[in-house]
Amino acid sequence: MKRLLILGAGTAGTMMANHLHHHLSADEWEIDIIDEETEHYYQPGFLFLPFDIYEPEDIVKPIRQFIPQGVNLIQESIDRIVPAEQYVLMEGGDRLRYDILIVATGAKIAPEEVPGMLGKEWKQSIFDFYTFEGALALRNKLREWEGGKLVVHITEMPIKCPVAPLEFAFLADSFFRNKHMRDRVDITFVTPLSGAFTKPKATAALEHLLDEKHIHIESDFAIEQVDADNKTIIDYGGRTVPFDLLVTVPTNKGDAVIERSGMGDDLNFVPTNKATLQSKEWPNIFVLGDATNIAASKAGSVAHFEAEILTENILRFMDNQPLKEEFDGHANCFVETGNGKALLIDFNYTHEPVEGTFPFPGVGPLRLLKESRINHMGKLAFRWIYWNMLLKGTHIPFVSATMQEAGKDFD
Amino acid sequence: MSERIIAGTPVNVNEEGFMTDFKQWNQSIGTELAGEASLTLTPRHWQVIEYLQTEYRNESPLSIRKIGKSGVVDIKEFYQLFPNAPLKTAAKIAGIPKPASCI
């Protein structure tokens, strides 16, 4: 009996368990999935929780509910991976030998990376919304906040869901408008990037929206420290931005187990072949989702497309066939723009988001890079798709793992 | 993409003014591009530029964090040498593409 071990039962790991369980013979392969947590969070919901759009129960369910019968769920902490000897050392001292390892340990916020961020103002006037606890604490703050300077801030790239901070700023604009207090709130979007986004066409569209909503942007801002006493963030060039309420996206890092295993880069992301999703160092280790160092978005849609391609590659690896170099960095993200609207972006390693129609070329019904209500309905419907189809590895009709070029307005 | 003359040499640049063919770069071009950014290059500037070019040749992605850990320069000094948007400015002078942040 051979063992396939999956580390992490988040979005990526759970999808792999479901895909592989379907393909592998139980007589030949044992599939184990390890996660120290018991609850699975719908992370896109962290954007909506602070604004009272979702309730906590909308976005959390037991991990066990999504692990198929026949896959062994181990709810314990991992000490380290020992790739040279093909085993995982558990915190309790057990050694789990593997034939194939899938690393899906995700990314976490590391607010300790910026001096002054964690301190007396953390969860008082400085919040994150990339954790359930952070998003909930921010909800409670926003319910009673009376206005002032709201600063929405990205510490450094890469981060999970790179559009989420912008969406937060857009939703904040609508939220305060609906509360009839927009005139008492000054919103500033602070980013280390040179503009609202990393790709030119989407940046132009998003900056237009920022302007329309009277959200100021401070770009090229590489934060050095938070001065909690004076409620100011300071960059390496000495530039300062004052805040009354700081909503920050701290540095994102791979899991500490990657560091303990000596398998990561300086942010604990695992060097991974961007087309095959095989570890660059260890042939029988595969990596997907937020844990990789590839230059694709750290987003659920990316993990979903990766999972379809990685499943095929693992089956090929088991058969001693060459891996398919198929992953193209495909990402597909709804961007909430407030007032019940959203826009949709669809892109990959080589093609930036452009205007067009999706998923049916020339038809839609979704429009790319344009605000619309139907895109917003798509984003809300996605929560159902996530819990009921995506995690279970069900193919989403009409949406292919690699990006489709038809229906897009390239120059 | 267009061609322009820098320090007497025709070079290819993109719409943001970044050189698109590193092989065309030389020190005179670097000096002239620095002048366009109102910078006079000191030996410290050149050390940083050489570091960036080496990383580029090694196909190693660049970030502010990485510069800070390079041992060549700390982030504070990097900002003093190339004010405002140091990575972008230094990359442009070094003749390498604008560092793409992962998204």
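Throughout, read-outs are computed from the coordinates displayed, never taken from laboratory work. Predicted model only: the values in this text are computed from it and were never measured. Cβ coordinates were reconstructed from backbone atoms using ideal geometry, including for glycine residues, and neighbour counts include every protein chain displayed.
Here is how the numbers come out for the structure above:
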quantity: Using θ = phi - 60° and Karplus 6.51 cos²θ - 1.76 cosθ + 1.60, couplings along the range A:118-124 (whole Hz; Gly, Pro as x); calculated: 8, x, 5, 8, 4, 6, 10
quantity: Trypsin sites (Lys or Arg not before Pro) restricted to DSSP loop in the range B:2-69 with at most 16 other C-beta within 10 Å; calculated: B:Lys69
quantity: Cα-based reach from A:Lys379 at 15 Å (exclusive), listing aspartates and glutamates while leaving out same-chain residues under 8 positions away; calculated: A:Asp58, A:Glu167, A:Glu336, A:Asp346, A:Glu371
quantity: Kirkwood Rh, Cα atoms: Rg over Rh of the range A:6-51; calculated: 1.14
quantity: Ranked list, fewest to most other Cβ atoms within 10 Å of each Cβ, for A:Ser194, A:Ser279; calculated: A:Ser194, A:Ser279
quantity: For residues of B:67-74, the mean tally of beta carbons on other chains within 10 Å; calculated: 1
quantity: Chain A - percent relative contact order, Cα under 8 Å, separation 6 or more; calculated: 16
quantity: Around A:Ser125: net Lys/Arg minus Asp/Glu count, Cβ-Cβ under 14 Å; calculated: -2
quantity: Largest-first principal axis extents, alpha carbons of the range A:104-208, Å; calculated: 37, 35, 26
quantity: A:Glu224 long-range amide H proximity, modeled H, under 5 Å; calculated: A:Ile234, A:Asp235, A:Tyr236
quantity: Mean separation of Cα contacts under 8 Å (6+ apart) over length of chain B, as relative contact order %; calculated: 30
quantity: Note, ³J(HN,Hα) from phi for the range A:260-274, Karplus 6.51, -1.76, 1.60, rounded to Hz, x at Gly and Pro; calculated: 4, 8, x, 10, x, 8, 5, 10, 6, 8, 8, x, 9, 5, 6
quantity: Whole-Å distance, taken between Cα centres, linking the range A:59-110 and the range A:333-388; calculated: 33
quantity: For A:Ile74, distant residues with modelled amide H under 5 Å away; calculated: A:Ile33, A:Ile34, A:Asp35
quantity: Tilt relative to chain B, helix B:27-36 - C-alpha long axis, 0 to 90 degrees, to 10; calculated: 80
quantity: Within the protein assembly as shown, helix-based [θ] at 222 nm, where runs of 4 or more DSSP H residues each add -39,500 (n - 2.57), nearest 500; calculated: -8000 deg cm²/dmol
quantity: Charge dipole magnitude, Cβ of K and R +1, D and E -1 - chain A, Cα centre, debye nearest 20; calculated: 880
quantity: In Hz, Karplus ³J(HN,Hα) per residue of the range A:69-76 (6.51, -1.76, 1.60; θ = phi - 60°; x = Gly, Pro); calculated: 4, x, 9, 8, 8, 10, 9, 9
quantity: Ranked by how many other beta carbons lie within 10 Å on average, peptides A:251-257, A:32-38 from highest; calculated: A:251-257, A:32-38
quantity: Greater than 30 Å apart at Cα, pairs in A:Lys120/A:Lys253; A:Lys141/B:Lys66; A:Lys280/A:Lys341; A:Lys123/A:Lys274; A:Lys231/B:Lys69; A:Lys213/B:Lys88; calculated: A:Lys141/B:Lys66; A:Lys280/A:Lys341; A:Lys123/A:Lys274
quantity: Percentage relative contact order, the range A:109-252, counting C-alpha pairs under 8 Å, at least six apart; calculated: 38
quantity: Local net charge near A:Arg239, Cβ-Cβ under 10 Å (Lys/Arg +1, Asp/Glu -1); calculated: -4
quantity: A:Lys149 long-range amide H proximity, modeled H, under 5 Å; calculated: A:Asp186, A:Asp244, A:Leu245
quantity: Ellipsoid equivalent to the range B:2-94 - semi-axes via the Cα gyration tensor, in Å; calculated: 22, 15, 11
quantity: Cβ crowding within 10 Å averaged over residues, with A:151-159, B:35-43 ranked highest first; calculated: A:151-159, B:35-43
quantity: Greater than 26 Å apart at Cα, pairs in A:Lys324/B:Lys92; A:Lys408/B:Lys92; A:Lys298/A:Lys370; calculated: A:Lys324/B:Lys92; A:Lys408/B:Lys92
quantity: Antiparallel bridges, percent of DSSP beta bridges restricted to the protein assembly as shown (to nearest 5); calculated: 55
